[in-house]
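Right, one structure below, let's go through it.
The values are calculated or read from the model by the stated rules, or taken from the named source; none is laboratory data. This structure is a prediction, so every number in the text was calculated from the model and none was measured. Every residue, glycine among them, receives a Cβ derived from its backbone with ideal geometry; neighbour counts consider all protein chains shown. To get the accessible areas, we keep the full protein, side chains included, count just its heavy atoms, and leave off ligands, DNA and RNA. Shrake-Rupley method; radii C 1.70, N 1.55, O 1.52, S 1.80 Å.
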Amino acid sequence: MKRAVILAAGEGNRLRPITSSKPKPMIPIAGKPLLEHTILGLRDAGIDHIIIIVGYKEEIIRNYFGNGLDKYKIKIEYITQEKYLGTAHATNLVKDINDKEPFLLLYGDLLVDSLVFKEVIKKYKSVNCQGLISLLAVNNPQDYGIVTLNANGFMEEIIEKPSPDLNLGNLANAGIYIFDPIIFEAILRTKKSIRNEYEFTDSMKILKRDLKGKIVGYIIKDLFWSDIGLPWQLLEANKYLLDKLDHKIFGNVDNNVEISGNVFIGKGTVIKSGTYIQGPCYIGENSLIGPNAFIRKYTTIGNNCHVGMSETKNSLIYSNTAIPHFNYIGDSIICESVNLGAGTKTSNLRFDNKSVKMTIKDKLIDSNRRKLGAIIGPNSQTGINASIMC
């Protein structure tokens, strides 16, 4: 298994305003874009050729990764999905490149433990099949595509967001696949859905029903998986990655600075006197921290930032952002080029102590998090003493 296809053309509307300036796969987490974590994991699993299906703000992806060889020692190619006609349509764009060998296929908004890639390849090679679908046990099957398996572990059916009354189990489609080139014949036979798109789940059904192909299920157990579909899932992904962080300090640290735990500080960054940093924590390059800043656990700060006499906790702060004077940022995401006025603070806890809800695409969604602060889009600013309620 040497080739992988990553579907990364979508706009990521549920993550706006974060994705107003960048495609979802390019959202930074723990110092690297989401897509870079995936590419490194694929490389470690033995993949040496990646094809990325791009679309929305594709130039950001192309410019960052280039041909892949110089930066990652892995070949990267790009195909533009001109019209968003569904996942089967996007996959079919690689038909002329991928018509002879099996290939790994995944969505570009996933963050998974890199062991998952090694395990799915191992599983596929051990079974006589024409495809593999990764699965994950979930508590809310009505929100996912649910897959049923037969006694031998092969896919029987896949149903999108089934009613709980159907009792189809809780194994959700986890968005990582391996397929023989026969999948392109199934895609050719796929009709448009009621959403006017060519659905990849329909192609899998055709592969099984009409082409008599066998699709084995691989259940992800005890390994991290997230589809990063909602803003607070970025905080969960950040925590997962920072827990694996190595302690490295390349910047300049003044006297009277206390650092505990694993902390990464990039080149050119200056940590001024009186600052206290609790790891795990990531701070990028050419940033100024302090004096007298309090950087608490699970904070990621990008490049060219200024965090002054302020407190941050469990937050993502993207590049070129200033949090300079008497600010509190907790459980929040502050996008690039934001300037917070003196005394601006985020609230991250409701008065009634219930979980925080957030409006996503005009729908109020329960985050199931007791603490969740603000999502502030790029190029924003606040005045002095602004209070942003959770």
Expected single match for outside any loop (DSSP other than H, G, I, E, B) and under 30 Å from residue 206 (Cα atoms) among 97, 6, 47 is 6
Among the residues in region 105-113, are any touching a Phe, Trp or Tyr at 6+ places or on another chain (Cβ under 6 Å), among the small types (Gly, Ala, Ser) and crowded, with 18+ Cβ neighbours inside 10 Å? no
Quick count over region 78-104, residues being modelled with pLDDT of 90 or more and surrounded by fewer than 15 Cβ atoms within 10 Å (Cβ to Cβ), is 1
Which of the residues belonging to region 160-192 are surrounded by fewer than 18 Cβ atoms within 10 Å (Cβ to Cβ) and outside any loop (DSSP other than H, G, I, E, B)? 160, 164, 165, 166, 185, 188
Search result, residues across region 221-249 that are without any contact (Cβ under 8 Å) to a residue 24 or more places away in the chain and farther than 26 Å from residue 175 by Cα: 246, 248, 249
For region 314-356, which positions are touching a Lys or Arg at 6+ places or on another chain (Cβ under 9 Å) and without any contact (Cβ under 8 Å) to a residue 24 or more places away in the chain? 326, 327, 328, 353, 354, 355
Among 167, 173, 150, which is within 27 Å of the chain's Cα centre (by Cα) and among the polar types (S, T, N, Q)? 173
Report those strands (runs of 3 or more DSSP E) wholly inside region 322-388 carrying at least 1 residues which are open to solvent by 70 Å² or more (accessible area, probe 1.4 Å) and more than 20 Å from residue 289 (Cα to Cα). 357-360, 363-366
Considering (1) within 20 Å of residue 276 (Cβ to Cβ); (2) free of Cβ contacts under 8 Å to residues at least 40 places away in the same chain; (3) crowded, with 18+ Cβ neighbours inside 10 Å, say which one residue 206 fails and leave the rest. (1)
Please indicate, with yes or no, whether at least one residue in region 33-49 is more than 24 Å from residue 174 (Cα to Cα) and touching a residue at least 24 places away in the same chain (Cβ under 8 Å). no
Provide a single number: the residues in region 22-56 that are in contact with a Lys or Arg (Cβ under 6 Å, 6 or more places away or on another chain) and open to solvent by 40 Å² or more (accessible area, probe 1.4 Å). 1
